[in-house]
Amino acid sequence: MKKIIGLIAGFVVLLGGAAGYVVSVRHGGATVNAVPVSTGQSLALDQSTLFFRNLADGPDHGKLAAVPVADPGATRKVGELSCDRFAAARGTAICLRLKPDSLPPLTEMLVLDANLQEIHRETLPGTPSRARVSPNGRIVNWTLFVTGDSYAATGFSTRTGLYNLDKKRLIKSIETLPILVDGERYFASDVNYWGITFAADGNRFYLTMGSKGKTYLIEGDYRLYRGEAIARNVECPSLSPDGRRIAYKQKVATGKWRLAVLDLATRKITNPPDDRLLDDQPVWRDNETLLYPLRAADGSTDIWSVGLTKPPTLLIRHATSPSLGGSQTS
């Protein structure tokens, strides 16, 4: 009997080093949502991989994880990189992480190559909010909260910046970006920008400008460094890979948003068949499908998928910050 017990114990230890199950137990209740996890993995960017921030309970909570795009229910591979926000495109990634014990809060912005090796780092004031990489992989961008902790907070302030890998040009804040609203140059002391999304050419981009209780969708030109408001009530835009549509947060009440899609040619707004509230920048899986994290009733966060006309599907439990590793997702 002792030999059998010893063999079983050894087998469990071996499994723990390679592939195990992280089990989420909340509020002392029953064991729920077993998540298959393979830890200590070496991760690299490629077109067949969906990356995300692992939120399964355990020592790997908050670390970067990955599953095959074609099989999101497969065992998740968890690496050693910890990020509060992550995004990738064309062999480049950005990782935002809050520096521990920093007062006031400071964020480390890491630029990573295709093997997720660091190639540039900046320390910036604020807490991580949004991160994206241009589809050509040459510009990373981010949004940080400087005051407040959400877009629903009264008097929140953001800092949105860019880093150009080719020119090694850092713009810590785009608050001086010249903007036209209704054909006139816009000036206000309370302007905030957040949620940049780039077109495939790496020059045209979109972002949200907030001022005087209103939000605007700004279409910008990176080379000319200027922008123009083209729509209202658009937050956290995400440009489709074909450049035809903007998915975004549509405000329905104070501090409440739902998913919406704007056709840039016709200006027609539609809502995918998911009326649940969200507070994040959606990601395009392809030209017809969106990915986004949603908070569940028990307080956990999961990644969901929805088509423009097809119902939502639960994609990955206990996860957030989805990104397609080698895609043209902006």
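Once the C-beta distance of Thr254 and Arg232 is scaled by a Förster radius of 22 Å, the resulting FRET efficiency is 0.85 to the nearest 0.05. Highest mean first, the peptides 267-275, 301-309 sorted by other C-beta atoms within 10 Å per residue fall in the order 301-309, 267-275.
Normalised by residue number, the volume inside the convex hull of the Cα atoms of region 57-113 is 99 Å³ per residue.
Net charge within 9 Å of Ser38 by Cβ-Cβ distance, Lys/Arg positive one each and Asp/Glu negative one each, not counting Ser38 itself? Each step should come with its number before you reach the end.
On the way: positive: Arg76, Lys77; negative: none.
For residues surrounding Ser38, the net value is +2.
Between Asp101 and Asp57, the FRET efficiency estimated from the beta carbon spacing at R0 = 22 angstrom works out to 0.45. Protection proxy ranking for 217-229, 97-109, using the average of other Cβ atoms within 10 Å per residue and placing the highest first: 217-229, 97-109. With all protein chains kept in place, the per residue accessible area of the chain amounts to 46 square angstrom at a probe of 1.4 angstrom. In this simple spin-label model, placing a label point 7 Å from the Cα along the Cα-to-Cβ direction at both Ser157 and Asp190 gives a separation of 1.4 nm. Against the main long axis of the alpha-carbon atoms of the chain, helix 2-18 sits at an angle near 20°. Largest first, the extents of the alpha carbon coordinates of region 206-284 on the three principal axes equal 38, 32, 21 Å. Here region 75-205 is treated as a Stokes sphere of Kirkwood radius computed over C-alpha pairs; at 10 °C and 1.306 mPa s its diffusion coefficient rounds to 102 µm²/s.
Put simply, the amide H of Val252, placed in the peptide plane, has neighbours under 5 Å in Trp257, Arg258, leaving out anything fewer than 5 places away on its chain. Using just its DSSP H runs of length 4 or more, each adding -39500 (n - 2.57), the chain gives a mean residue ellipticity at 222 nm of -1500 deg cm²/dmol after division by all residues.
Full extension of the chain between Tyr225 and Glu122 yields a length gain of 34.9 nm, computed as 0.36 nm times the residue separation minus the alpha carbon distance. Taking every protein chain into account, the 1.4 Å probe leaves Thr123 with about 60 Å² of accessible area, to the nearest ten.
At 25 °C and a viscosity of 0.890 mPa s, what translational diffusion coefficient does Stokes-Einstein give for the chain, taking Rh as the Kirkwood radius over Cα pairs? Give it in µm²/s as a whole number. Once the numbers are plugged in, D ends up at 120 µm²/s.
For region 66-200, the share of accessible area belonging to carbon and sulfur comes to 49 percent (1.4 Å probe, ligands and nucleic acids excluded).
Taking 14 Å as the cut-off, the amide N atoms of region 231-245 that come nearer than this to a point 7 Å along the Cα-to-beta-carbon line of Ile269 belong to 231-237.
The values are calculated or read from the model by the stated rules, or taken from the named source; none is laboratory data. These figures come from a predicted structure and were not determined experimentally. Here the Cβ is made from the backbone with ideal geometry for all residues, glycine too, and neighbour counts use every protein chain on show. These area figures cover heavy atoms from the full protein model, side chains too; ligands, DNA and RNA do not enter into them. Shrake-Rupley method; radii C 1.70, N 1.55, O 1.52, S 1.80 Å.
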